[in-house]
Amino acid sequence: MANEVILLDFWPSMFGMRTRIALREKGVEFEYREEDLRNKSPLLLQMNPIHKKIPVLIHNGKPVCESSIQVQYIDEVWSHKNPILPSDPYQRAQARFWADFIDKKVYDVSRKTWTTKGEELEAAKKELIEILKTLESELGDKPYFGGDEFGYVDIALIGFYTWFPAYEKFGNLSIESECPKLMVWVKKCLERETVAKSLPDPHKVTEFVAELRKRFGLE
Amino acid sequence: MAQNGSNNVKLLGTWGSPFALRAQVALHLKSVEHEYTEEADVLKSKSDLLVKSNPIHKKVPVLIHGDVSICESLNIVQYVDEAWPSKPSILPSLPQDRAFARFWAHFVDGKCFESIDAVAGAKDDAARMALAGNLMECLTALEEAFQKSSKGGDFFGGENIGFVDIACGGIVGPLSVIEAFSGVKFLSPEATPGLVQWADKFRAHEAVKPYMPNVAEFIEFAKKKFNV
C-alpha cells in the first residue's frame, strides 16, 4: 500500500515545526494542510478528539497526536536513514528527558513574555533566560544536543527560535546577549535544509504575535 | 555510559508515590535486582544523593544505574524496557501501537493527574463537583482506550501488563483517596466497567502487589498528610 501522509498543522506552531523537520529528515513525501484554529476542520476534530490540537499526523488514515510522539513514530517507521533518536538506551533516556524539559518549561514561560505585564512579565523573563541558560549549559561545546549528529532534542527546541524576536520585542529582553552559544547552535541548525524549509520567517511570526496581542486586547 | 548486568541499580523513591511505583513495577517485570532507597521527607528535606542525581527537578523517582541517573518516571520505564531488553516487553513493538501507548501515558500524566489534583485541592463541595466533571471525562476517555486496547484481555497491554497499565496504575491510589474523602465514585461498574476490573487486576498483579499500598493505607497516609 502506498504511504499516504497528511500533516494537519498551523504555520507558526513550534510543535508542528518538529514534525515537519522529522518528515523531511526521513525524505517522506507528505501533504501539508493548514488549519484555521478558530474554525477547526472536521478532520482535525475527528483525528484528535481528546485534545483537538495540531499538529496531527495522519499516516494511511490513522492519526498520531502530540509532536514528540509523532517524531518518535516517524523515526521508528522510516528507520532506514537519518536516525533521530540515538540507539544507546541511556542516550535515548537523556534525549527524552531534555525534550520533556523543553515541553514542560519553554512554552508556558515564553508565552508570558508577550501576554503579561509588570511584575508577572519580569518574573517570566527571568525564568525564561534561566531555562534557556540551562539548555545552553546542557549543549555545552557540542555542535548539537545529542553530540555530533542533529537529533531529537535539536528538533524539539529549534522551532522556538522563530518566536525569539517576538519574545524579545514584546518582553523587552535579549536572548542573543544572554545565550550566545545557543544562537550559534541555532545558526548551525538553520544550515540544514530540512530545518530551513520547515521554519517560517521569524518576522512573520512576530507580526502574527502582534495581531494576537491586539485580538487579546493586550496592545 | 551505562552497562548491563553487574552494574549497581538503585531506585530513589518515596512511600505512596504513584511515580516511584511505575519504576518499581518495571524493574520487577524485568527481574532487575536493585536497591530501593526511601526519601523520607522528599518535599522538605531532599537527600544529597537526590539533588546530585536529579539536579534539574530534584524529584523522585530517580533510577541510578552504575554511574548514570535517569529521571522522570515514564522515562525510567522506557529506559528499563530498553536497557534490559529480555521479555516481557513493556512497550509494544509496532510503531502505531507504541504511539498509542505513549499518547495515553502522556494523557494520564497531563489531563488525568491535573484533574485529580484539582479535585483533591478543591476549596469546597461546589468547586469539587465542578472539577469532578473534568475527572469523569478523563476516565471516560481512558475507559474507551481500555476497551480498544485490551482486546478482551485484562490489561491495556492485552494479556500482559504494558506501558499504559504502568502509567495508568499511578492513578489508582490517588483516585481511591479522593473517592474516600469526597464520597464520589469515580470508577464505577456503570460508568467505567473496564477500568474497575482493570484496577483490581492491576493491584493484584505480582509485579505491582509488593509495592502498592492498599486503599486503607493510602487513606491513612492522606489523612496524616492533609491533617484530616
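The values are calculated or read from the model by the stated rules, or taken from the named source; none is laboratory data. These numbers were taken from a predicted model, which means no experiment stands behind them. No Cβ is skipped: glycine too gets one built from the backbone with ideal geometry, and neighbour counts run over all protein chains shown. For accessibility, only protein heavy atoms count, side chains too; no ligands or nucleic acids. Shrake-Rupley method; radii C 1.70, N 1.55, O 1.52, S 1.80 Å.
Among the residues of segment B:87-97, those that are within 12 Å of chain A (Cβ to nearest Cβ) and either in contact with an Asp or Glu (Cβ under 8 Å, 6 or more places away or on another chain) or in a loop (DSSP other than H, G, I, E, B) (or both) comprise B:91, B:92, B:93, B:94, B:95. Please go through segment A:67-86 and pick out each residue that is within 10 Å of another protein chain (Cβ to nearest Cβ), touching a helix residue (DSSP H, G or I) at 6+ places or on another chain (Cβ under 6 Å) and not aromatic (Phe, Trp, Tyr). Answer for segment A:67-86, where residues must be within 10 Å of another protein chain (Cβ to nearest Cβ), touching a helix residue (DSSP H, G or I) at 6+ places or on another chain (Cβ under 6 Å) and not aromatic (Phe, Trp, Tyr): A:68, A:69, A:70, A:74, A:76, A:77. Looking at A:133, A:169, A:188 in this structure, which one is part of a helix (DSSP H, G or I), closer than 28 Å to residue A:82 by Cβ and open to solvent by 50 Å² or more (accessible area, probe 1.4 Å)? Result of the check over A:133, A:169, A:188: A:188. For residue A:143, the stated conditions do not hold, so it cannot be described as open to solvent by 30 Å² or more (accessible area, probe 1.4 Å) and either closer than 30 Å to residue A:218 by Cα or touching a residue at least 60 places away in the same chain (Cβ under 8 Å) (or both). For segment A:197-219, a residue qualifies if it is closer than 20 Å to residue A:157 by Cα, touching a helix residue (DSSP H, G or I) at 6+ places or on another chain (Cβ under 6 Å) and free of Cβ contacts under 8 Å to residues at least 60 places away in the same chain, and the qualifying residues are A:202, A:206. Listed here are the helices (runs of 4 or more DSSP H) enclosed by segment B:13-86 that have at least 2 residues being within 14 Å of chain A (Cβ to nearest Cβ) and either among the acidic types (Asp, Glu) or touching a Cys at 6+ places or on another chain (Cβ under 6 Å) (or both): B:73-83.
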